Amino acid sequence: MKFAHLADAHLGYEQYHLPFRAEDFAKSFKSAVESVVEQDVDIVIISGDLFHRSNPNPKTIKQAIEILNLLRRENIPVFAIEGNHDKTIKDVSIYDLLESLGLLFKLGLRKKFVKSDFLKSKTFGNYSLVYANYDGLTIFGDTHRSSHQFKLLMEDRYLPDCDIVVLHMSVKEVVDFEIRDDYVTLKDLPKAKYYALGHIHIPISKNISDSLFVYPGCPERFDAREYSLKIDYFDELVVSEGYEKGFFIVKNFKPKFVKIDCRDLILANLSVKDQKDALSKIKEILDFLNTESLLILRIYGERTINVEEIRAILERNVKNLRISFEKISKERKVEVKKINEVFNEFELSLIEYLKRSDFESIIDIVQDFVEREFGLRKREKKVGTLLDFLEG
Ligand SMILES: [Mn+2]
């Protein structure tokens, strides 16, 4: 069995309010699907966020129909789930519309029982859990849910162990950078051979105890973190390559990443002394730009600079420029004093005393310390008075 695994196409996303970016997202998804058709796969799995919004405009819907039609023409069934961006609480979602058109099969909980060539239903309370059975393989999945809701549903084992499970969420052990939103852990998931995941926009493929956990990522550059190239110019010029974009072809449960060409998104961070320094640094980074690229330029400096002059130079060299200037204050020298320059002898001996761990509470320590230092007997003095004494 050979399948393609895609996710997070985000069709209709006018990044930075630029209409041509929505075209880019459609182009990248189309290139991915064209590449899928060439690879002669049996099925396609889409792990959510096919659209950027749950109510895409007619133009975006038309793009989706035309692209998915490339797969239908080849009789390649598409199994999909809704992501956090394109799910809806309304009765009919955009996925239901595409399903009516025969362009995909939607997996997950529904009010109605479904049975067709590829789809089966399993009863879950008042709902039906719609899953796929293809070539003897069971493919379960569901719409994006909060980790709280997902864990509650999994307490009742709503998703059973299966061959492939399709989900749109962050799985903590799979994502090795800090997750900014909700996540689940491995123990929350059903057992499967292949976890067809969506939601994380950079490609990740991990093998954990004989199971594959795969995020294909977004086929376009969704935000500045997904740069193609990063230029840092503080003391010296440092250029680092960014992330590849694409999807996975999985043959006999072995995933292979397929790269898609998309527009460059270049992130540049510059620290400058003055306008002259800024212009000379800008001149040096021109070689890394191209007239089709998006440039996000962040300039940091102690003195205000003429951003418009820089903009005029760069605008000729890139497709779109986003430029920001942030004034930074002079580096403040932090003097690190030695402990005996800060505290007097009495305080130092108190600190040493506080480090002792053989006392039950801080009050015991203080009582004992005061008794030792000043010869006061703790039985004769109340705790409150002791504290008053210390504060005074
Ligand atoms: Mn997404």
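The values are calculated or read from the model by the stated rules, or taken from the named source; none is laboratory data. Note that the structure is a prediction, hence the values are computed from the model and not measured. We place every Cβ from the backbone using ideal geometry, glycine too, and count neighbours over all the protein chains shown. Just so you know, the surface numbers come from the protein's heavy atoms only, side chains and all, with ligands and any DNA or RNA stripped out. Shrake-Rupley method; radii C 1.70, N 1.55, O 1.52, S 1.80 Å.
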### Residue selected from segment 2-35 under the condition on the phi > 0 side of the Ramachandran plot and either without any contact (Cβ under 8 Å) to a residue 40 or more places away in the chain or away from the ligand (no atom under 16 Å from the Cβ) (or both), by the criterion most open to solvent (accessible area, probe 1.4 Å)
17
### Task
Scan segment 42-70 for residues that are more than 18 Å from residue 119 (Cα to Cα) and among the aliphatic types (A, V, I, L, M) and jot them down.
50, 61, 64, 65, 67, 68, 70
### Summary
Scanning segment 86-112 for residues that are open to solvent by 60 Å² or more (accessible area, probe 1.4 Å) and either of a type in the set (A, V, I, L, M, F, W, C) or within 28 Å of the chain's Cα centre (by Cα) (or both) gives 87, 89, 90, 92, 97, 101
### Task
Please work out which residue is nearest to residue 166 (Cα to Cα), limiting yourself to segment 200-240 and to residues that are among the charged types (D, E, K, R) and in contact with a Phe, Trp or Tyr (Cβ under 8 Å, 6 or more places away or on another chain).
206
### Query
Got at least one residue in segment 156-175 being open to solvent by 20 Å² or more (accessible area, probe 1.4 Å), closer than 30 Å to residue 57 by Cα and either in contact with a Ser or Thr (Cβ under 6 Å, 6 or more places away or on another chain) or within 16 Å of the ligand (Cβ to nearest atom) (or both)?
no
#### Entry: Within segment 227-252, tally of residues that are touching an Asp or Glu at 6+ places or on another chain (Cβ under 9 Å), open to solvent by 10 Å² or more (accessible area, probe 1.4 Å) and outside any strand (DSSP E or B)
4
### Message
Anything in segment 36-54 that is more than 16 Å from the ligand (Cβ to nearest atom), touching a residue at least 40 places away in the same chain (Cβ under 8 Å) and open to solvent by 20 Å² or more (accessible area, probe 1.4 Å)? List them, or say none.
### Response
39, 42
### Query
How many residues are in contact with an Asp or Glu (Cβ under 7 Å, 6 or more places away or on another chain) and part of a loop (DSSP other than H, G, I, E, B) if we restrict to segment 170-198?
3
#### Entry: Any chance residue 195 is surrounded by 20 or more Cβ atoms within 10 Å (Cβ to Cβ), modelled with pLDDT of 95 or more, more than 16 Å from the ligand (Cβ to nearest atom) and not assigned by TED's automatic domain parsing to the domain that holds residue 28
no
#### Entry: Among residues of segment 312-333, those that are farther than 16 Å from residue 233 by Cβ and open to solvent by 60 Å² or more (accessible area, probe 1.4 Å), counted
10
